[in-house]
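Encoded as structure tokens, the structure appears first; notes follow it.
The values are calculated or read from the model by the stated rules, or taken from the named source; none is laboratory data. Note that the structure is predicted; figures quoted are calculated from it, not measured. Every residue, glycine among them, receives a Cβ derived from its backbone with ideal geometry; neighbour counts consider all protein chains shown. Heavy atoms of the whole protein, side chains included, go into the accessibility calculation; ligands, DNA and RNA do not. Shrake-Rupley method; radii C 1.70, N 1.55, O 1.52, S 1.80 Å.
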Amino acid sequence: MSHPSPTFEVLPRDLSAYRNGNTGVDYVHRFESGKPGPHVLVNALTHGNEFCGMVAALHLLDTGVRPRVGTLTVSFANVEAYESFDIERPFENRQLVHNLNRVWSVAELEGSAVSPELLRARALRPVVAAADHILDLHSTSQDVQPFWVYPAFARNAQAARAIGVPAVHLVMPEGLGTGVPLIQHGRHGEAEGTGVALVAECGQHFRQASADMAISVARGFLAHFGLVEPAPTDTPAVPTRRFELLETALVRTPGFAFVRPLIGFETFGAGELIATDGEHDIRSPCEGCTVFMPTREPVVGREAVYLTRPLAD
């Protein structure tokens, strides 16, 4: 399936000046207010070509956003992948070896395998574990509306609703099914936990609107927990739309193909064919199945598409 070439409104910036933070971990910066309050982590560049988070993190650092209570930590995660960006192949530096957003299990972090992403996750492990609340900023390969992604814990849903933007929520009752993401590491993946951990998918990787959304979401997240003053707004509230993840379909063969071009948010009837993959068909598991993040470039072993159903509010 061919896709139009992306429009590059945001490109990488040199992050070398931000390498030496104050935590002992490269590209991690921490600011303490000296007053009681939560420890909030804003994380960028879990994937190397998702530039909106980079822009938002630089905004927080460069404009002097500092916590009025509690502690703020700002981190750039997969800088090595980010620095390998090639504008002629802009989707290939999502990761170097492993998906940094699937390796946050104890087995992976304490295993013997080695890759740039595993080494980075191990270095970031204490940073993630120290945070009470986590915002992980992401973007999508296709130009679709922004949305939250989070484990189906009430604390996550309440925070996402209160922050308000994005208005679309992708809820994971059983995780992704393809590994453990950063927001489910340790206590943040436990039903009885107390910390909020959200992914914000802010729009297409290279759009300025995605970077603007990431800044807005980051500031809204910090305001929700009292670290900064809420920004004044006259934007009318948008009704929340929530979807439950039913299945994460993987690419099994080089012959994988969708039945028609998909970018995300298309709906299918129960049993309707979505994709073929060798001898395996991917079909809609329910009436009104909505697809999220269909792969732009199928790679065997990676996620093909997320199949969801709408949740009534």
Quick count over the range 210-248, residues being out of contact with any helix residue (DSSP H, G or I) (no Cβ under 9 Å at 6 or more places or on another chain), at pLDDT 95 or above and within 19 Å of Leu135 (Cβ to Cβ), is 1
Can you confirm whether the range 19-32 contains a residue that is open to solvent by 40 Å² or more (accessible area, probe 1.4 Å), assigned to a loop (DSSP other than H, G, I, E, B) and touching a helix residue (DSSP H, G or I) at 6+ places or on another chain (Cβ under 7 Å)? yes
Here the residues within the range 96-148 that are part of a helix (DSSP H, G or I), of a type in the set (A, V, I, L, M) and open to solvent by less than 30 Å² (accessible area, probe 1.4 Å) are Leu109, Leu118, Ala121, Leu124, Val127, Val128
Given the conditions (1) of a type outside the set (A, V, I, L, M); (2) touching an Asp or Glu at 6+ places or on another chain (Cβ under 9 Å); (3) part of a loop (DSSP other than H, G, I, E, B), every one holds for Tyr306 apart from (3)
Just one listed residue, out of Thr253, Thr267, is polar (S, T, N, Q) and over 14 Å from Ala304 (Cα atoms), and it is Thr267
By residue number, the members of the range 56-78 that are surrounded by 21 or more Cβ atoms within 10 Å (Cβ to Cβ) and of a type in the set (A, V, I, L, M) are Ala56, Ala57, Leu60, Leu72, Val74, Ala77
When (1) surrounded by fewer than 19 Cβ atoms within 10 Å (Cβ to Cβ); (2) within 30 Å of Glu32 (Cα to Cα) are applied to Phe225, the one that fails is (1)
* To do: Say whether the condition of being open to solvent by 70 Å² or more (accessible area, probe 1.4 Å), part of a strand (DSSP E or B) and in contact with an Asp or Glu (Cβ under 6 Å, 6 or more places away or on another chain) is met by at least one residue in the range 258-278.
  => no
Being outside any strand (DSSP E or B), open to solvent by 10 Å² or more (accessible area, probe 1.4 Å) and closer than 16 Å to Asn93 by Cβ narrows Pro12, Pro4 down to just Pro12
